[in-house]
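Where a number appears in this text, it was derived from the coordinates with a stated rule and is not lab data. Model, not experiment: these values are computed from the prediction. Here the Cβ positions follow ideal geometry from the backbone for every residue, glycine too, while neighbour counts run over all protein chains shown.
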């Protein structure tokens, strides 16, 4: 029965969320925005590339002087240039509009600027002069070198492969670091995308005053776990939706969008760091999920929950303020504190796991801590939800919930003994509500008096009904 209820809750919550128009508007807004940006970048790159090529290879009617001795008449003539010895006359001709441009190459182009004089052709077309002047010098230098190998070296067109060793074994370098850090990216996406939904998932029913009706037929633990599982599925849908335009852009338009060419063969998926990364991700998700659900159970409205949610999100980014120490000095006290503090541990530990500074013992300790603390927060969230579901106008007192539980455990249902069974004012009021058909109101009265949860109150009310002979 519990398994059936859990599947029902998961299916209902998942379908309820994805059927909302607001959900798809919000989810598709980012992919659409990315698509528009990629499109604009594609068009701009095409235009910029065409313009740059046209400017670089455009023939100009210009004159030049060369104090460096690098530029030959043949090299300049390729671009439409002719040598002159009278720079004053050349500048005057450009100013008068009878000459398109004049380039004055200095004796040392490496330290001295090339002076360019040209007629104004607009803010964009004026870039033609600089592009042509640079290309003339490059061509002249290549002719002087007269060696393709030396030309490639001077331009930095060289490839380097490196191999490093750690503990006598070949280390993977950046290819080993990237895969475990992907779990950190997934963790951030899950919390940022699902955080508000985790808060509002329980608050929505509370604000609509339907929680008490739900809990009369459903165990709170089943409800909370079902909501969390449904939200996780929703998060997967959102991540796939967000990733789709990026994947399409990279696979089909990588060169047009100027995206880096990532060689996946250089990535090394080492079992140890990958397993630790998965466990840290799950443990951290449980911690923050339990905390967010507990916050939603304590506060009466989404607005009040937002004031608590913001500091919680800030703690996710606090480790990045000491990221240099996490990488270079993982034994520093502040790094150790962040490694074991539950709300900074997931991010700090995943960073250290990626960079290889988290030992096996430390990994086991952090993972055990996260799962233990996460399960405690989930259990606390369920406990608070039992009693906070009836608090509509004020924050729930956590201390009072445990006092109520103790009172509920010591409370006894009166034994049947005749008409004086209902002489107690409270039970008399419960009887009146039952006879009027207001079972939920009777259950609420029982909860407030004994601290019991609604499911427990429903069982007690059923027992009292049988004893009193109320139909």
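At-a-glance table
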read-out	value
Counting DSSP beta bridges with both ends in region 54-154, the antiparallel % (nearest 5)	35
Stretchable slack from residue 5 to residue 20, in nm (0.36 nm times residue separation minus alpha-carbon distance)	3.1 nm
Cα gyration tensor shape for region 54-154, rounded if a/c is under 1.5, else prolate or oblate	prolate
Protection-proxy order for peptides 76-88, 351-363, each taking the mean of Cβ atoms within 10 Å per residue, highest first	351-363, 76-88
Extension gain (nm, one decimal) between residue 365 and residue 85, 0.36 nm per residue minus Cα-Cα	92.9 nm
Two-site FRET efficiency, residue 121 against residue 247, from Cβ-Cβ distance with R₀ of 41 Å, rounded to 0.05	0.45
Stretch gain in nm, segment residue 110-residue 145, where the contour uses 0.36 nm per residue and the Cα spacing is subtracted	11.0 nm
Rounded FRET efficiency, nearest 0.05, which uses the C-beta distance separating residue 36 from residue 337 and R0 of 45 Å	0.55
Computed log₁₀ I(q)/I(0) - Debye formula, equal Cα scatterers, no solvent, region 82-138, q 0.21, 0.26 Å⁻¹	-0.85, -1.17
